[in-house]
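The values are calculated or read from the model by the stated rules, or taken from the named source; none is laboratory data. In this text, all values refer to a predicted model and were calculated from it rather than measured experimentally. Cβ: placed from backbone, ideal geometry, glycine included. Neighbour counts: every protein chain shown. Heavy atoms of the whole protein, side chains included, go into the accessibility calculation; ligands, DNA and RNA do not. Shrake-Rupley method; radii C 1.70, N 1.55, O 1.52, S 1.80 Å.
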Amino acid sequence: MSPAYIQHNPLIANGPDALRKFFGQITKERAKARVVVHKIIAVGDYVFAHVNFLNLFNDDPKDTGIAGGRHVQDGCRRKGHRALGRLQFVGTPENSAPWFAPNVPCANPNGMF
């Protein structure tokens, strides 16, 4: 990872060391914390990753996690910066919006992954 890595998550400082520190602290505090990589697609200078972060903020064995998408563009795969990301809570068929609007049933059967 480039030393010039720019982070857009407000919880993490810029640079690869800050990213390692953030996830290092989480894995110290949460024995069950893990990242499940579902897809990584790379075409030319464009890279997209679709992952599920599990047990980052709790130790609940039923944690459905937080889906993360990361999209690096504009030649920055080589330069190591300008990444766009998004996070979305992963729901269940019974509760599509955990944490902020509980008990809202899913409108479709597709699932997050």
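Suppose we keep only residues that are touching a Lys or Arg at 6+ places or on another chain (Cβ under 8 Å), open to solvent by 20 Å² or more (accessible area, probe 1.4 Å) and at negative phi within the range 71-80. Which one would you say is modelled with the highest pLDDT? So that I can check it myself, show each step before the final result.
Looking only at the range 71-80, we keep the residues that are touching a Lys or Arg at 6+ places or on another chain (Cβ under 8 Å), and these are 72-74, 76.
Keeping just the survivors that are open to solvent by 20 Å² or more (accessible area, probe 1.4 Å) gives 72-74.
Cutting the leftovers down to at negative phi gives us 72-73.
Numbers: VAL72: 61, GLN73: 53.
The selected residue is VAL72.
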Output the number of the condition that GLY85 fails; it satisfies all remaining conditions of (1) closer than 22 Å to TYR5 by Cβ; (2) at pLDDT 80 or above; (3) assigned to a strand (DSSP E or B). (2)
In the range 36-48, is there at least one residue being in a loop (DSSP other than H, G, I, E, B) and either modelled with pLDDT of 90 or more or open to solvent by less than 60 Å² (accessible area, probe 1.4 Å) (or both)? yes
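May I ask you to list the residues in the range 3-22 that are open to solvent by less than 60 Å² (accessible area, probe 1.4 Å) and either in a loop (DSSP other than H, G, I, E, B) or under 13 Å from LEU56 (Cα atoms) (or both)?
Of the residues in the range 3-22, the ones open to solvent by less than 60 Å² (accessible area, probe 1.4 Å) are 4-5, 7, 9, 12, 15-16, 18-19, 22.
Once the filter is applied, which keeps residues that are open to solvent by less than 60 Å² (accessible area, probe 1.4 Å) and either in a loop (DSSP other than H, G, I, E, B) or under 13 Å from LEU56 (Cα atoms) (or both), the range 3-22 yields ALA4, TYR5, GLN7, ASN9, ILE12, GLY15, PHE22.
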